[in-house]
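In what follows, a structure is listed as structure tokens, so that the remarks can point back to it.
Laboratory data are not the source of any read-out in this text; all were calculated from the coordinates shown. All of these numbers come straight from a predicted model, not from anything done at the bench. We place every Cβ from the backbone using ideal geometry, glycine too, and count neighbours over all the protein chains shown.
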Amino acid sequence: MSYSPGLENVPATESSISTIDLEAGKIWIRGYSLEELAMECTYEEVAHLLIYGHLPDTRELNEFRRKLVDESLAPKEVLDILGMLPKDMHPMDLLKTGIAALSGFDPELENSDIEANRRKSVRILAKTGFLVGNLGNIREGGFRLFRSDLGHAANLLYAIIGRRAESWELKAFETAFILYVEHELAASTFAARVIASTMADIYGAVVGAVAALKGPLHGGANEKALEIFQYDVEGAEKFVRERLARKERVMGFGHRVYRRGIDPRAEVMKNVLAELCNRIGDDRLYRVAVRVEELMANEKNLYPNLDFYVAPVYKLLGISPGLFTPIFVASRVAGWCAHVIEQQAANRIFRPRAIYTGPRGQKISGRG
Ligand code: SDX
């Protein structure tokens, strides 16, 4: 038996949810280009597309938006639990605990039929947004309620920055938020599908996906990528060269699927960063990004992924680095739920084999 380390290029399932189309340079989300969805739609429309399989009409959209607000407030017991956890706990670990605790309050937890999974997906989406937006506030013993006059992304940003975002801030934030929503069988999505394939509940699948996403090789990279942007151009170049010399990875670069090319999502966020820098009249972050991108291409033939350009954008929006990956969760949870719904609608439990490299026939010494 041969195998591909890390299951590189190995299809693990069929799916109608999304695909990375390297030939076209597109990410198709149920047939729509993710780039166009990010430019033309709201997050609610894309989340609806993922969970229900179609873009909503006006009535469906208004009802979905209303549900996301109505279902957003987490139970007091969950907030109390999070308030009791160690103050230095990473926000991703707080979030993982919070979503696990939410499962105890969902009356349909054990019902995995498609419509129950869809109803739970909406509750998970709404409450995860609330928890992410309030991870900082909960630590201080408070929270900001989601408002019916704001969309989901706007409510999340409002809870984080403590004020209603300017339209240009929200556009930058929501573009990144939509780009994060779904990306085929990333490690965290695959984790969710494996858990769902045992017919465990959707909350458990999401908790497992959150645990996987925290890793610095995956979603945790956006927080780590910010380190480069503390320097000016020369300092950033020195920082990167020293990391490469120590054979350390430069976070925000490389991708298992975009082997020798830029992540198309990074291209979109590069333009968003340029616009933000132009608006605030300070292009240092953009110049640092471009220089490091050139260096990594020339020295390592490695290209930016979405995380590299999201990090400076979030910094300019005043978002604390510890929330970068939780925001990724708040977006991707729609994709994870879509995969759980699809997996459990036509399920076969995942059970791969391992090529055994250990010994055989060992005798237990001194026995018999
Ligand atoms: C995300 O799957 C998805 O779709 C994920 C994601 C999504 O939307 O869900 O796109 C989100 O997770 C993006 C990736 C964020 N992670 C990082 O930015 C962390 C840094 N990047 C890597 O660690 C790495 O590039 C991965 C994990 C992204 C991909 O790893 P692979 O495909 O297993 O590549 P590899 O580890 O086999 O590396 C191949 C070579 C190695 O050199 P050699 O040992 O062969 O000499 O490239 C080098 C690596 O050392 N390399 C890097 C590097 N990434 C790979 N060297 C320096 N810096 C890097 N970032």
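For the range 1-80, what does the alpha-carbon gyration tensor say about shape, rounded, prolate or oblate, given a ≥ b ≥ c as the root eigenvalues, a/c under 1.5 as rounded, and a/b over b/c as prolate?
Details: a/c = 2.99, a/b = 1.50, b/c = 1.99.
Note, shape of the range 1-80 comes out oblate.
Restrict the search to the range 12-101; then list the GluC sites (Glu not before Pro) that DSSP places in a loop and that have at most 13 other Cβ atoms within 10 Å of their Cβ. Walk me through the numbers on the way to the answer.
Values: sites: E14, E23, E35, E36, E40, E44, E45, E60, E63, E71, E77; in loops: E14, E23, E71.
For GluC sites (Glu not before Pro) across the range 12-101 that sit outside H, G, I, E and B with at most 13 neighbouring Cβ atoms in 10 Å, the list reads E14, E23.
Whole Å is fine, so just give me how far the alpha carbon centre of the range 222-269 lies from that of the range 57-116.
33 Å
Go through T19, Q344, S33 and say which Cα lies farthest out towards the positive end of the charge dipole of the chain; charges sit on Cβ, +1 for Lys and Arg, -1 for Asp and Glu.
After comparing all options, I get Q344.
Test of understanding: in a Gaussian network model of the chain with alpha carbons linked when under 10 Å, which of V333, V272, V206 would top the mean-square fluctuation ranking?
So, out of V333, V272, V206, the one fluctuating most is V272.
Given Cβ point charges of +1 (Lys, Arg) and -1 (Asp, Glu) and nothing else, what value in debye, to the nearest 20, does the dipole of the range 221-316 about its Cα centre take? Numbers along the way, then the final one.
Numbers: 18 positive and 16 negative charges, 82 e Å.
Around 400 debye, computed over the range 221-316.
Would you mind working out the magnitude of the charge dipole of the chain relative to its Cα centre, with +1 at each Lys and Arg C-beta and -1 at each Asp and Glu C-beta, to the nearest 20 Debye?
1380 debye
Do any GluC sites (Glu not before Pro) in the range 182-262 lie in a loop, going by DSSP, with at most 11 other beta-carbon atoms within 10 Å of their beta carbon, and if so which? Before the final figure, lay out each step's value.
Working: sites: E182, E184, E223, E227, E234, E237, E242, E248; in loops: E182, E184, E248.
Passing sites in the range 182-262 are E248.
Let me see the P(r) profile for the range 221-316: every Cα-Cα distance counted, bins of 5 Å, each bin given as a percent of all pairs.
Histogramming the range 221-316 at 5 Å steps yields 2, 15, 26, 28, 18, 7, 2, 0 percent.
Principal axis extents for the range 144-261, Cα atoms only, whole Å, descending order, please.
Result for the range 144-261: principal-axis Cα extents of 48, 44, 25 Å.
Could you list C41, C337 in order of exposure, starting from the residue whose Cβ has the fewest other Cβ atoms within 10 Å?
Listing C41, C337 from fewest to most nearby Cβ atoms yields C41, C337.
Dipole magnitude of the range 100-194 about its Cα centre, charges +1 at Lys/Arg Cβ and -1 at Asp/Glu Cβ only, in debye to the nearest 20?
Computed about the Cα centre, the dipole is about 280 debye.
Under 16 Å between alpha carbons: how many lysine pairs meet that in the range 221-316, if sequence neighbours fewer than 8 apart on the same chain are excluded? Walk me through the numbers before you get to the answer.
Details: K224/K315; K238/K247; K238/K300; K247/K300; K270/K315.
Lysine pairs meeting both conditions in the range 221-316 amount to 5.
For the chain, take the convex hull of the Cα atoms, compute a quarter of its surface area, and give me that in nm², please.
Numbers: hull surface 91.8 nm².
For the Cα atoms of the chain, the hull's average projected area reads 22.9 nm².
Using +1 at the Cβ of each Lys and Arg and -1 at the Cβ of each Asp and Glu in the chain, identify which of H152, F328, V194 lies farthest towards the dipole's positive end.
So the residue we want is V194.
Of G281, V233, A266, whose Cα points farthest to the positive end of the dipole of the range 221-316 (charges on the beta-carbon: +1 Lys, Arg; -1 Asp, Glu; origin at the Cα centre)?
The Cα lying farthest towards the positive end belongs to A266.
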